[in-house]
Amino acid sequence: MRKIYFLLLFVFIFSLLFSQTEKKDAYELWRSGNYSESIEICLNEINETPGNLDSYVVLCWSLVDSGQYKEAEYWSTKGRTVSRYDPRLVEAFAEAQFYMGNNDKSLESFQEFISLATTGSARFGVAYYFMGEIYVRQAKYNHADISFSQAVMTEPNRDYWWTRLGYAREMAGEYKLSADAYDQALLLNPTRNEAKLGRTRVLQHLQQ
């Protein structure tokens, strides 16, 4: 009996360790860009443990990053039946809506994410960046300026975000502020062609 007990205990511990390793692998696979494998592991985890919130989160990240936006919409919604206010799922849903062109729904969800998350959240700046892009789509350039400004304040080393801030200000007719943003983009990345062209345009306006 004693041997059987220890054997069962060993099997239990081994299965527990294997499950944790598998869960970690899904996250690492997503980080390394192996989205299909990450998706497969997460789906298996959810099938085995429907209440496994982290599996829904990594699954949605992998689906968004692999361009499977409709599936990301479905699984983020399903994941929120496990945890209604998990900011990671809210943000993943917002990104999926953005890429599907659902601007109002995306904007509303990004705003919800910001209300739920803390300023130290990993994708706090990303949310403001996407909001800026939505406002550009809607030709609300002053709103875009505010969102992009918040994005670069959160993550100041993103040269593309500075470029988009420059563009929003350029479209709003704020040429001096636009030049400042383009200059910052080029300081971070001198090869950013969009920033070079934008800077040339706004300097021409300033010289008139």
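The values are calculated or read from the model by the stated rules, or taken from the named source; none is laboratory data. The model shown is predicted, which means the values in this text are computed figures rather than measured ones. With ideal geometry, Cβ positions are generated from the backbone for all residues, glycine too; neighbour counts draw on all protein chains shown. All accessible areas refer to the heavy atoms of the entire protein, side chains included, with ligands and DNA or RNA removed. Shrake-Rupley method; radii C 1.70, N 1.55, O 1.52, S 1.80 Å.
Numerical summary
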item: Pairwise FRET efficiency - L53 versus Q207, Cβ, R0 = 45 Å, nearest 0.05; result: 0.20
item: Average accessible area per residue (Å²) across the stretch 22-94 - probe 1.4 Å, nucleic acids and ligands excluded; result: 51 Å²
item: Rounded to 10°, Cα long-axis angle of helix 87-99 versus longest principal axis of the chain; result: 50 degrees
item: Protection proxy ranking of 123-134, 186-197, 143-154 - average other beta-carbon atoms within 10 Å, highest first; result: 123-134, 143-154, 186-197
item: For the chain, built as a Gaussian network whose Cα springs stay under 10 Å, the top-fluctuating residue of A122, A92, A72; result: A122
item: Förster-model FRET efficiency, 41 Å R0, E108 and L187, C-beta, rounded to 0.05; result: 0.75
item: Length-normalised contact order of the chain in % [C-alpha pairs under 8 Å, at least 6 apart]; result: 10 percent
item: Cβ crowding within 10 Å averaged over residues, with 103-115, 157-169 ranked highest first; result: 157-169, 103-115
item: Scattering profile of the chain at q = 0.10, 0.11, 0.15 Å⁻¹ [log10 I(q)/I(0), Debye over alpha-carbon scatterers]; result: -0.54, -0.62, -0.95
item: Probe 1.4 Å, protein heavy atoms only - accessible area per residue of the stretch 137-208 in square angstrom; result: 57 Å²
item: Accessible surface of the chain, 1.4 Å probe, proportion on carbon and sulfur as whole %; result: 55 percent
item: For the stretch 52-127, projected area of the alpha-carbon convex hull averaged over all directions, nm²; result: 4.4 nm²
item: Value of Rg/Rh across the stretch 114-174 [Cα atoms, Kirkwood radius]; result: 0.98
item: Surface accessible to a 1.4 Å probe, Y85 within the full protein complex, Å²; result: 140 Å²
item: Set of aspartates and glutamates near K176 by C-alpha distance (under 19 Å), chain-local residues within fewer than 8 positions excluded; result: D145, D159, E194
